[in-house]
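Scroll down for the structure; my scribbles are underneath it.
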Amino acid sequence: MNFVAFNQLQNNNPIAVLRRKLIAGIDEQIQLAANKDYTPTQHKWVTDEDGNQRKVEVAKRVKRWWTASVDGKINLVVRYGSKPLEFSKGKNAIELASEAEVADVLAKVREVELDALIEQQAQFGRRVTLKNK
């Protein structure tokens with residue numbers, strides 16, 4: 001046997017954590033776009049009338065990131081949490097010709113480096129405090 005020292009990965013970088021969360025959301029939307037019958041699930045603890053607790057699998061509510069506009073085009077909004085990511089000043093949606101393109105465009109967005117947008121989104125709710133001198 002060969003023994004080595006275990007070095008746990010230090011994933012304390014907040015941008016890396018936010019990136020993984022966004023990529024998981026994009027992956028979920030890709031599955032939702034590719035398969036209309038896709039229903040993601042989560043585990044929940046439920047107590048029955050006897051007081052016994054058991055873990056059950058329940059459907060998770062997921063909102064689609066795309067909507068059809070009046071002229072028949074599809075508007076795709078990439079969200080981090082409940083807020084849409086703004087790709088450029090005042091532009092937070094991607095316009096598509098049909099719903100068939102949604103999965104392909106989301107796959108391309110997944111590959112793009114979104115760290116600057118994620119960092120901007122992470123700073124949104126934080127207060128800036130200045131020390132008085």
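Miscellaneous remarks
- Accessible area per residue for the chain is 81 Å², calculated with a 1.4 Å probe on protein heavy atoms, without ligands, DNA or RNA.
- When the chain is described by a simple charge dipole with +1 on each Lys and Arg Cβ and -1 on each Asp and Glu Cβ, the residue from 16, 32, 93 located farthest towards its positive end is 16.
- Computed FRET value (nearest 0.05) for residue 107 with residue 61, which takes r as the C-beta separation and R₀ as 30 Å: 0.80
- Candidate lysines for bridging to residue 73, where Cα separation is under 23 Å - those fewer than 8 sequence places away on the same chain excluded: 36, 63, 83, 89, 91, 108
- Residues whose amide H falls under 5 Å from that of residue 80, counting only those 5 or more places apart or on a different chain, are 85, with hydrogens built in the peptide plane.
- The fraction of accessible area contributed by carbon and sulfur in the chain is 50 percent, rounded to a whole number (1.4 Å probe; ligands and nucleic acids excluded).
- Residue-wise HN-Hα couplings along the range 63-76, as the Karplus relation 6.51 cos²θ - 1.76 cosθ + 1.60 with θ = phi - 60° gives them from phi, are 8, 6, 8, 10, 9, 8, 8, 5, 7, x, 7, 9, 9, 9 Hz; Gly and Pro carry x.
- Helical contribution to [θ] at 222 nm, DSSP H n ≥ 4, -39,500 (n - 2.57), averaged over the chain, rounded to 500: -9500 deg cm²/dmol
- Distance between the pseudo-spin-label points of residue 52 and residue 97 (7 Å out from Cα toward the beta carbon): 5.8 nm.
- The charge dipole of the chain, taken about its Cα centre with unit charges on the Cβ atoms of Lys, Arg (+1), Asp and Glu (-1) only, comes to about 800 debye.
- At least 24 Å along the helix axis (C-alpha) and Kyte average at least 0.0, DSSP helices within the chain: 14-34
- Among (1) 42, 33, 24; (2) 59, 58, 45; (3) 61, 29, 29, the entry that matches Cα extents along the principal axes in Å as calculated here: (2)
- Fully extending the segment from residue 24 to residue 37, taken as 0.36 nm per residue of separation minus the present Cα-Cα distance, adds 2.8 nm.
The values are calculated or read from the model by the stated rules, or taken from the named source; none is laboratory data. The shown structure was predicted, so the numbers you read here are calculated from the model rather than taken from an experiment. Ideal geometry is used to build each Cβ from the backbone, glycine not excepted, and the neighbour counts take in all protein chains shown. The accessibility values were calculated without ligands, DNA or RNA, using every heavy atom of the protein model including side chains. Shrake-Rupley method; radii C 1.70, N 1.55, O 1.52, S 1.80 Å.
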